[in-house]
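In what follows, a structure is listed as structure tokens, so that the remarks can point back to it.
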Amino acid sequence: MSTSPETLVRISNVTKTFKRGSEEIHVLSGLDLEVKAAEFLALMGPSGSGKSTLLNLIGGLDRPTAGNVQIGPDRVDQLSDRQLAAWRARHIGFVFQFYNLLPALSAEKNIELPLLLTHLSKAARRQHVAAALEAVGLTHRAKHHPNTLSGGEQQRVGIARAIVTDPTVLLCDEPTGDLDRKSGDEILALLQSLNTDHGKTIIMVTHDPHASARASRTVHLDKGQLSNNPVD
Ligand code: ADP
Ligand code: MG
């Protein structure tokens, strides 16, 4: 007997309004989204439509103006700043378009960073870093600094850093946006395998139809709302 996968991310009636001077920018207006555990969701939409804003709300980097953001049992929109930082460290892995690696640190030291917020021993941290490096196929580059790595390799380090804490959700904001097609496809294959082989729940913002083709579901953001249909 199989049970249907549980809903992991539950966003209901979320509104996000930014103020710029006296002007109000209504980015999200009463948006609903549910993502199941072990889904790989692609989030598409025109530039400026609010994709990063939505990802930041899910990852607890920002708060909604109104509405609920729930991940598992946690109401993320109701956590204090202090609670939010601890919650993020435990539950969220972020992958950025421009990698956001620290240039002064080697690949392995970059990957270890999120673990410094945990209570793991040095030996345990080393084990987790080694496993993450292996998962992204970069064991042989452990001691390299970012500026000696290709873009695709830097993004692999970014992914290793995002998965090293075994987060509940992996959030990727245009992870192939700065890569050529071949490196981008390798990154997408890696994300797909983290989803299918390791059951990682992934929400990925992308412009690229090649990227969304790797996902198990695609939703489109336009005018503050989500739909299942592409925007013309
Ligand atoms: P996307 O990722 O889809 O390109 P964003 O979520 O980055 O879009 O931005 C959506 C809209 O919200 C844009 O008009 C952007 O200028 C505005 N915006 C985003 N963040 C802020 C902010 N911190 N303050 C004011 N406006 C913002
Ligand atoms: Mg964006």
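The values are calculated or read from the model by the stated rules, or taken from the named source; none is laboratory data. The structure presented is a predicted model; accordingly, all values stated were derived computationally and were not measured. Heads up, the Cβs are rebuilt from the backbone with ideal geometry, glycines too, and the neighbour counts pull from every protein chain shown.
Some points to look at:
- Test: residue in the stretch 80-103 that is more than 16 Å from ligand 2 (Cβ to nearest atom) and in contact with a Phe, Trp or Tyr (Cβ under 8 Å, 6 or more places away or on another chain): no
- Pick from the stretch 84-117, criterion in contact with a strand residue (DSSP E or B) (Cβ under 7 Å, 6 or more places away or on another chain) and part of a helix (DSSP H, G or I), ranking: farthest from G177 (Cα to Cα): W87
- Tally of residues being under 13 Å from the mean Cα position of the chain (by Cα) and either under 18 Å from N229 (Cβ atoms) or within 16 Å of ligand 2 (Cβ to nearest atom) (or both) across the stretch 38-60: 12
- Enumeration of residues in the stretch 18-46 that are farther than 27 Å from A89 by Cα and in contact (Cβ under 8 Å) with a residue 24 or more places away in the chain: H26, S29, G30, G45, P46
- V157 vs. criteria under 30 Å from G30 (Cβ atoms) and touching a residue at least 40 places away in the same chain (Cβ under 8 Å): no
- One residue stands out in the stretch 204-232 among those that are modelled with pLDDT under 90 and closer than 9 Å to L43 by Cα: the one that is surrounded by the fewest Cβ atoms within 10 Å (Cβ to Cβ), namely H207.
- Screening the candidates V35, V27 for the property of being touching a Leu at 6+ places or on another chain (Cβ under 9 Å), within 16 Å of ligand 2 (Cβ to nearest atom) and part of a strand (DSSP E or B) yields one hit, V27.
- Hits in the stretch 66-83 - residues which are under 21 Å from T165 (Cα atoms), part of a helix (DSSP H, G or I) and more than 16 Å from the chain's Cα centre (by Cα): D81, R82, Q83
- Of the residues making up the stretch 130-163, those that are in contact with a Leu (Cβ under 7 Å, 6 or more places away or on another chain) and among the hydrophobic types (A, V, I, L, M, F, W, C) are V136, A142, V157, I159, A160, A162, I163.
- Test: residue in the stretch 141-148 that is surrounded by 18 or more Cβ atoms within 10 Å (Cβ to Cβ), under 14 Å from V95 (Cα atoms) and at pLDDT 95 or above: no
- Among (1) within 19 Å of I202 (Cβ to Cβ); (2) of a type in the set (G, A, S); (3) touching a Pro at 6+ places or on another chain (Cβ under 9 Å), the one test that S106 misses: (1)
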